[in-house]
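S.K.: One structure, as structure tokens, below. Some questions next.
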Amino acid sequence: ARLDLERAQNDARYEDAARLQYETIPNLEKLISEDQRVSTMIQEEVNQELIADIVSKWTHIEISKLVDSERNKILNLKEILNKQVKGQDEALEKVSDTILRAKAQIQDENRPLGSFMFLGPTGVGKTEVAKALALQLFDSESNIIRIDMSEYMEKHSVSRLIGAPPGYVGYEEGGQLTEMVRRHPYSIILLDEIEKAHVEVFNILLQILDEGHITDSKGVTVDFKNTIIIMTSNLGSEYAFEENPDLRNQHYLDAIQLHFKPEFINRIDEIIVFNALNQSVLIEIADKFMQELSQRMMHRDIELIYNDLVLEKIVALGSDITYGARPMKRFIQNEIETKIAYLILEENMDKGVIKLEFINDEFLVTKL
């Protein structure tokens, strides 16, 4: 504006010069003065509350929830996990304690938040723990990067994890693991059947577990420090139903030590053996599934009532010694939810009560 004023005076444009000198420039000076006054009110130190305030405005989530919820989630993680996963108290304690140490920043900060190897039979809660951790720590069960390691049995397939070398097919796509973590740095990495992976895979995992990062085929360093790595293995599963828990755990550890190199095992935070599920735990899981169904029905103002016999029959008919609790959810869908859905549509129910019973070797639903 001052340069414009000078040009107007030199060109004898007196009307423009007057407007600049007595209107435009004073107004600009006033705005600058106000801006400087406001800027002195800005915090010089960036702290957790200031960050939370900014994120709160972006996400429309209350500040107190952002600041306090993270701490409370960690402090209550074991109790929260116990509500989601039944019959695995010792395993959940080890998981939550590891995460607690990481969040308190008293363990090596150059490593992932936690690294675990889960052992035990199918359908006992290993995947459920991964889902529960993703939900509690990263706010969504979808924050899981799941990789079937049986697809990485050949040496040439290893490049798929970090990307193909320049000039090879797939180079532009990047690595399956590195690209997913680069895009979703706050995630659970679930490596199923880790024992089936080629030995070269473990060289990659060793670096990630030890240093918390790896460089992909494009030369980009990918940070794993905010991930939790969970590996599952079927090694030792033939001992799953050993009645002596100490002997059972030792059998599992022996199987692990025979298969994996010591330097790999030593970099894992916890090797956790999951219990086979007994009758009482299976009934708890059946009740959990039914409570979830009840909650969905309550959204339609329909109450579902059932007794203990229903739960016992769900376990007897819907669970399997080989696959644990996994088939129960599908059994409930096919044998119970379908009948409830038919009754709701047949009776044109928009509210009310439905009673579920087991009579004459079948599940019956009636409108009350």
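S.K.: Cross-link list Lys103/Lys126; Lys94/Lys329; Lys288/Lys313; Lys78/Lys355: which exceed 24 angstrom alpha carbon to alpha carbon?
M.R.: Listed pairs above 24 Å: Lys94/Lys329; Lys78/Lys355.
S.K.: Right, something else. Taking a cut-off of 18 Å between Cα atoms, list the aspartates and glutamates near Lys367, but don't count ones fewer than 8 places away on the same chain.
M.R.: Cross-link targets: Asp301, Glu303, Glu335, Glu337, Glu346, Glu347, Asp350, Glu357.
S.K.: Then there's this: Would you please name the chymotrypsin sites (Phe, Trp or Tyr not before Pro) within segment 254-339 that are DSSP coil residues with at most 16 other C-beta atoms within 10 Å of their C-beta?
M.R.: Answer in residue order: Tyr323.
S.K.: Related question: Restrict the search to segment 334-368; then list the trypsin sites (Lys or Arg not before Pro) that DSSP places in a loop and that have at most 10 other Cβ atoms within 10 Å of their Cβ.
M.R.: Lys351
S.K.: Restricting to DSSP loop positions (anything but H, G, I, E, B) with no more than 12 other Cβ atoms inside 10 Å of their own Cβ, which GluC sites (Glu not before Pro) remain in segment 216-281?
M.R.: Glu243
S.K.: I want the local charge near Arg267. Using Cβ-Cβ distances under 13 Å, sum +1 for each Lys or Arg and -1 for each Asp or Glu among the other residues.
M.R.: That sum, taken over residues with Cβ under 13 Å, equals -4.
S.K.: OK, next. Give the cross-link partners of Lys218 among the aspartates and glutamates, using a straight C-alpha distance below 15 Å as the criterion and excluding same-chain residues fewer than 8 apart.
M.R.: Lys218 reaches Glu172, Glu173, Glu179.
S.K.: By the gyration tensor of its Cα atoms, with a ≥ b ≥ c the square roots of the eigenvalues, what is the shape of the chain: rounded for a/c under 1.5, prolate for a/b over b/c, or oblate?
M.R.: Note, shape of the chain comes out oblate.
S.K.: By the gyration tensor of its Cα atoms, with a ≥ b ≥ c the square roots of the eigenvalues, what is the shape of segment 227-302: rounded for a/c under 1.5, prolate for a/b over b/c, or oblate?
M.R.: Taking the square roots of the gyration eigenvalues as a ≥ b ≥ c, segment 227-302 is oblate.
S.K.: If I model a spin label at Asp148 and Glu337 as a point 7 Å from the Cα along the Cα→Cβ vector, what separation in nanometres do I get?
M.R.: Result for the modelled spin labels: 2.3 nm.
S.K.: When only C-alpha pairs under 8 Å and at least 6 residues apart count, what is the relative contact order of the chain, in percent?
M.R.: 16
S.K.: By a straight-distance test (C-alpha under 16 Å), which lysines pair with Lys196 as possible cross-link partners, with residues fewer than eight away in the same chain excluded?
M.R.: Straight-line reach from Lys196, under 16 Å: Lys155, Lys261.
No lab work stands behind these numbers, since they all come straight from the coordinates. Note that the structure is predicted; figures quoted are calculated from it, not measured. A quick note on method: Cβ atoms are made from the backbone with ideal geometry, for glycine too, and the neighbour counts reach across all protein chains shown.
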